[in-house]
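The structure under discussion appears below in the form of structure tokens.
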Amino acid sequence: MRILIVVIIFISLLSCSLNSKKNNAQTYSTPDGEFIIGIDTLNINLKSYVSPTFDKYYSLTHAIKNKNKYYCLFKANKESYKKFLFKISETGIVEKEIKLPRDLTNCFYSDLFVFHDTIYSKPYMNDKSYYLDSEKDIWIETAEPDDVIYEDERYYVTYLDFGEWGSTTWFKDKLSGKEYELASSAKIINKIDKNYYISGGVRVIKVNNPLEMKQCDKEYYYQIIKKKEFSEGTNSLVGAEIIYKDTTYSQWDFEEPKQHFITSFKVDNKLFHLCNDSIKTYVAKLQDNKIIPILDFEKKYSVFNWYFSYRCKIQENTFQLLKFRNEDENTFGFIEINGNKINIRYLSLKNN
């Protein structure tokens, strides 16, 4: 019996080592603090779940991490809407294919996100939404979730994009029920001390006190606007300070800006930014309205989000999971940010 137990343990350890190549994390010291950077590969075997040609056509569209499990949504090929959702361990073991409701299988635009430790999926232009029963791994229909991008003890923050008609971020005061509006297309919010930093694309906005923003007319409250067939974004920046803006870039250029914010995160109560330029990805800070690189990754990671996938990018106030793709090789991976720890995980998908 003792020999059998030893064999089982050995096989388990061997399986973990085969599925996840060693993470050679290194600590980098900068004048602004230490960052721990790790790079590894998850070897994921999908043989039991997909056809032999799956690896030639697949595209990762969504990915989240909850309770140390990855939930990865793949689209089968360019011509089909057919999707596969896999629950995968941190070592790359496929634990289960989770069947999708038809509304999610046939929906091209959708969101997959975690809110209050529950996984949700929201099809775009469809009132039906779903949450995942984590014990049974089945989807259950629920009311349409809000377009929430941030929440703390005082404020509940939502966002809507109106395309060429602008966008609006709403801060709802939980004490009074009043809502305050801000012209912003950014969907990442970090709170440092009592200040809110809203960042994305080519701009970072600082809000010292949401109560100093423009108070909404009740007809412009989020829940009212959400139900309208047509509306426009606000133009108000009252109560906000633009601490960085790329004045050389215009959205009408229809080109990627020379450098832009992928996301923002905080370490030891300081705000940092993960940025891309034309050739590389790097960690930066803002100083005197300038982007100052402080840690260079020496290559570019093409981070992407699926259409209308923007809710709750930051989990538990610190953790973020980003997706990247190498267009030339059709390979995918994750960038996980948790405080000063940044882990880059390449996905190696096998189906034979």
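Every number in this text was worked out from the coordinates using simple rules, so none of it is lab data. Since we're looking at a predicted model, the values are computed, not measured. Every residue, glycine among them, receives a Cβ derived from its backbone with ideal geometry; neighbour counts consider all protein chains shown.
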Checklist outcome for this item: With the dipole of the chain defined by +1 on each Lys or Arg Cβ and -1 on each Asp or Glu Cβ, the option from Ala240, Asn326, Pro210 whose Cα lies farthest towards the positive pole is Asn326
Checklist entry - Highest mean first, what order results for 320-326, 24-30 on Cβ atoms within 10 Å? => result 320-326, 24-30
Next on the checklist: Taking 20 Å as the cut-off for C-alpha to C-alpha distance, list the pairs among Lys174/Lys218; Lys122/Lys206; Lys266/Lys313; Lys313/Lys341 that go past it.
Outcome noted: Lys122/Lys206
Checklist entry - Within the range 222-237, whose backbone N sits under 15 Å from a point 7 Å along Cα→Cβ of Met125? => result 229-230
Item to check | Separation of the Asn235 and Trp165 label points, Cα + 7 Å toward Cβ, nm | outcome: 1.6 nm
Checklist entry - For the peptides 277-284, 58-65, 226-233, 95-102, what is the packing order when you average, over each peptide's residues, the other Cβ atoms within 10 Å and list the highest mean first? => result 58-65, 277-284, 95-102, 226-233
Next on the checklist: What FRET efficiency comes out for Asn24 versus Glu316 if R0 is 30 angstrom and r is the Cβ-Cβ distance? Round to the nearest 0.05.
Outcome noted: 0.70
Checklist entry - Relative to the longest principal axis of the chain, what angle (0 to 90°, nearest 10) does the C-alpha long axis of helix 2-19 take? => result 50 degrees
Item to check | Residue order, fewest to most beta carbons within 10 Å, for Lys69, Lys313 | outcome: Lys69, Lys313
Item to check | C-alpha center-to-center spacing [the range 190-262, the range 289-352] in angstrom | outcome: 23 Å
Item to check | Net dipole in debye of the chain [+1 Lys, Arg Cβ; -1 Asp, Glu Cβ; about Cα centre; nearest 20] | outcome: 1020 debye
Checklist entry - Roughly how many nanometres apart are two label points built 7 Å out from the Cα toward the Cβ at Lys258 and Asp32? => result 1.9 nm
Next on the checklist: Counting only helical runs of four or more DSSP H residues, what would the 222 nm mean residue ellipticity of the chain come to if each run contributes -39,500 (n - 2.57) and the total is spread over all its residues?
Outcome noted: -2500 deg cm²/dmol
Checklist entry - Is the shape of the range 153-262 best called rounded, prolate or oblate, per the rule: a/c under 1.5 gives rounded, else a/b larger than b/c gives prolate, else oblate, with a ≥ b ≥ c the square roots of the Cα gyration tensor eigenvalues? => result oblate
Checklist entry - Hey, which aspartates and glutamates would be in cross-link range of Lys87, C-alpha to C-alpha under 20 Å, not counting anything within fewer than 8 residues on its own chain? => result Asp40, Asp55, Glu95, Glu97, Asp103, Asp111, Asp117, Asp133, Glu135, Asp137, Glu141, Glu336
Item to check | Rounded, prolate or oblate (a/c below 1.5 giving rounded, otherwise prolate when a/b exceeds b/c) for the range 136-177 by Cα gyration tensor | outcome: oblate
Checklist entry - For the range 141-241, with the dipole built from +1 on Lys and Arg beta-carbon atoms and -1 on Asp and Glu ones, taken about the Cα centre, which of Asn195, Tyr220, Val157 lies farthest toward the positive end? => result Asn195
Checklist outcome for this item: Rounded to the nearest 5, the percent of antiparallel DSSP beta bridges in the chain equals 90 percent
